[in-house]
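Read the figures in this text as sums done on the coordinates, not as results from a lab. Every value quoted in this text rests on a predicted model; they were computed, and no experiment measured them. Positions of Cβ are backbone-derived with ideal geometry, glycine not excepted, and every protein chain shown enters the neighbour counts.
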């Protein structure tokens, strides 16, 4: 998926894809690093690393249409700022990654149908990892 170019889309759809690609990779990375550095769990950290590496797009329009200043919900809400322990961080980030994968699965049906199934596969892999955790 690394050389994927998206079908011509409305600029705000590129924003949607960009935000969710970032959300997905960031959520996976947080869990991966906790499993790697805190729990020394090579197997799960590697599964997550491999998933994260499946999420690569080179389409320059993603950056071109990124518009953080106009993000109407960039301010964190109270519950996003509360984490009791590492388990809570893992839970929040696995949910974040699953939700982003679902958004990408749906939007890719119009932007790049061949990659829609990839995001579905990633989402289901995240469900399995969540169950194990």
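In the chain, Cα pairs under 8 Å separated by at least six residues give a relative contact order of 35 percent.
Could you give the length gained by full extension between residue 33 and residue 7, i.e. 0.36 nm per residue of separation minus their alpha carbon distance, to one decimal place?
So the chain would gain 6.0 nm between residue 33 and residue 7.
Against the longest principal axis of the chain, how steep is helix 113-132, in degrees 0 to 90 to the nearest 10, with axes from Cα atoms? Tilt relative to the chain: about 10 degrees.
Computed from label points 7 Å out along Cα-Cβ, the spacing between residue 69 and residue 86 is 4.1 nm.
Add -39500 (n - 2.57) for each DSSP H run of 4 or more in the chain, then divide by its residues: what number comes out at 222 nm, to the nearest 500 deg cm²/dmol? Write down the numbers at each step before the final one.
Numbers: 5 runs with 85 residues, N = 133.
Taken over the chain, the calculation gives -21500 deg cm²/dmol.
Once you reduce region 98-127 and region 10-70 to the center of their Cα atoms, the two points are 13 Å from each other. Highest mobility in the GNM of the chain, judged by mean-square fluctuation with C-alpha springs under 10 Å and restricted to 56, 15, 23, is found for 56. Could you tell me how many degrees, from 0 to 90 and to the nearest 10, lie between the Cα long axis of helix 42-53 and the main elongation axis, the longest principal axis, of the Cα atoms of the chain? Result, in degrees: 10.
Taking the C-alpha atoms only, the angle from helix 11-33 to the longest principal axis of the chain is near 20 degrees. When the Debye formula is applied to the Cα atoms of the chain, each taken as the same point scatterer, what base-10 log of I(q)/I(0) results at q = 0.11, 0.18 Å⁻¹? These q points yield log10 I(q)/I(0) values of -0.41, -1.02.
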